[in-house]
Amino acid sequence: MTSIYVGNLSFDATEEDIRAAFAQFGAVASVNVIMDRETGKSRGFAFVEMPDSGQAKEAIEKVNLSEIAGRRVTVNEARPKTDRPRRGGGGGGGGGGRRGRW
């Protein structure tokens, strides 16, 4: 299974738009449009999985810099997900120091 990164997507691009662009080159196992947790809107990128690596390679070459939903996309093989440290919560702001005239 080859995982493909699709970037610079139009926020209006649907899973069907993306699937159609890649299906021209072979079977598409899945399309995952990444959505913002807070707003529920697209974050402008997606991942496509294709079972045949030869078809995936051709799709990457042909779909890269083509238009999907009116916007030119960037396509390449997805890098393996790495374990990233979780972002800690916040440490508050400074404070301290005296203000005003004494």
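The values are calculated or read from the model by the stated rules, or taken from the named source; none is laboratory data. These numbers were taken from a predicted model, which means no experiment stands behind them. Cβ atoms come from the backbone with ideal geometry, glycine included; neighbour counts cover every protein chain shown.
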Filter result for the condition that a residue is at pLDDT 95 or above, over 16 Å from the mean Cα position of the chain (by Cα) and of a type in the set (Val, Ile, Thr), over VAL75, VAL6, VAL28, VAL33:
VAL28
So for segment 25-41 (the condition being surrounded by fewer than 17 Cβ atoms within 10 Å (Cβ to Cβ), touching a Phe, Trp or Tyr at 6+ places or on another chain (Cβ under 9 Å), within 21 Å of PRO80 (Cα to Cα) and of a type in the set (Lys, Arg)), does at least one residue qualify?
no
Could you grab the pairs with beta carbons closer than 9 Å, sequence gap of 6+ or different chains, first residue in segment 1-17 and over 23 Å from LYS81 (Cα atoms) and in contact (Cβ under 8 Å) with a residue 12 or more places away in the chain, second one assigned to a loop (DSSP other than H, G, I, E, B) and of a type outside the set (A, V, I, L, M, F, W, C)?
SER10/GLY70; PHE11/LYS41; ASP12/GLY70; ALA13/GLY70; ASP17/SER10
